[in-house]
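The values are calculated or read from the model by the stated rules, or taken from the named source; none is laboratory data. This is a predicted model, so every value here is computed, not measured. Here Cβ is always computed from backbone atoms with ideal geometry, including for glycine, and neighbour counts include all displayed protein chains. For accessibility, only protein heavy atoms count, side chains too; no ligands or nucleic acids. Shrake-Rupley method; radii C 1.70, N 1.55, O 1.52, S 1.80 Å.
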Amino acid sequence: MKPRGKPVFAGNWKMHKCPSQTRAFFASFFPLLPPADDRTVLFFPPAVSLATAAQCVEPRPDIRLGVQNVHWKASGAFTGEIAAGMAAEAGAEFALVGHSERRHLFGETNPQTADKVTAAMGAGLHPVLCVGETLQERRAGRAEATVEEQLRAVLPRIHAEHAGRLLIAYEPVWAIGTGETASPADAASMHAFIRAKLTRHFVERAETVPILYGGSVNAENAGELLAAREVDGVLVGGASLDPEEFARICAAGA
Ligand code: PGA
């Protein structure tokens, strides 16, 4: 086991699984993954399925929930948006912030992402700040610079005392939903870069921030990615939709 402790297995369901499919998923998943306290298992269902998911996981305190996005304001005339406090009341403990689909399909900027992290923290949620470069940026040798900019927008807003509430997910955009993954060596190198930036801001408390890898993680590659240095967990999209596959991923870190 890595020094930072429990590996994190997070399933990002994106725009999949209505409430009835959420119920069916957990009914299949629970027998496949007996409770254990040596890992953290998280799901990010669509917001409309969050309350149903919260009911389902009530007998399983080892399984925790989050939302895929929050607005930066606590309330107001923002049709279609969800405030962090609302998500918390509906059962979320975590919030994805700055997922690449939010950034690239919905034009979310670094300053907005920073505001969302602040709002999530303010509502008592654990933000999972997603960072990662596009293929173009990687080819231009700008992978680290891109990730650094994404971190620089957010980290100065967080007091070191609260660092333990933050998680980072490194998700290279070119690896999301494409079947391509970063090699364990590439993931380890970017994770080490992120760790160094965290240490600059939070000093020794940087060690309390888990850094997850995401991008086409599946039951076949999860083990070697999790074995890479500084990879503290995985954020899984497509492969988290199938209870058997996701249970195998969780077992890969055992
Ligand atoms: P993927 O998605 O596992 O389907 O590549 C990961 C993510 O977007 O979080």
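When the residues of the stretch 228-246 are filtered to those that are more than 10 Å from the ligand (Cβ to nearest atom) and either modelled with pLDDT of 95 or more or among the β-branched types (V, I, T) (or both), which remaining residue is most open to solvent (accessible area, probe 1.4 Å)?
Step by step, filter the stretch 228-246, then rank; the result is E244.
Across the stretch 164-186, which residue is farthest from W13 (Cα to Cα) among those that are at pLDDT 95 or above and open to solvent by less than 20 Å² (accessible area, probe 1.4 Å)?
Top of the filtered list is L166.
Residues that are within 16 Å of the ligand (Cβ to nearest atom): find the helices (runs of 4 or more DSSP H) completely inside the stretch 38-119 holding 3 or more of those. Please lay out each step first, then the result.
On the way: elements: 50-57, 84-89, 100-105.
Once the helices (runs of 4 or more DSSP H) in the stretch 38-119 are filtered for at least 3 residues that are within 16 Å of the ligand (Cβ to nearest atom), what remains is 100-105.
Anything in the stretch 199-210 that is crowded, with 22+ Cβ neighbours inside 10 Å and among the aliphatic types (A, V, I, L, M)? List them, or say none. If you could, list the steps in order and put the result at the bottom.
Our first condition is that a residue be crowded, with 22+ Cβ neighbours inside 10 Å; within the stretch 199-210, this holds for 209-210.
Result: V209, single match.
Of all residues in the stretch 127-172, which are under 13 Å from the mean Cα position of the chain (by Cα) and more than 16 Å from the ligand (Cβ to nearest atom)?
Residues satisfying the conditions are R165, L166.
Please go through (1) in contact (Cβ under 8 Å) with a residue 12 or more places away in the chain; (2) open to solvent by 70 Å² or more (accessible area, probe 1.4 Å) for G215 and return the number of the only condition it doesn't satisfy.
Just one mismatch for G215, condition (2).
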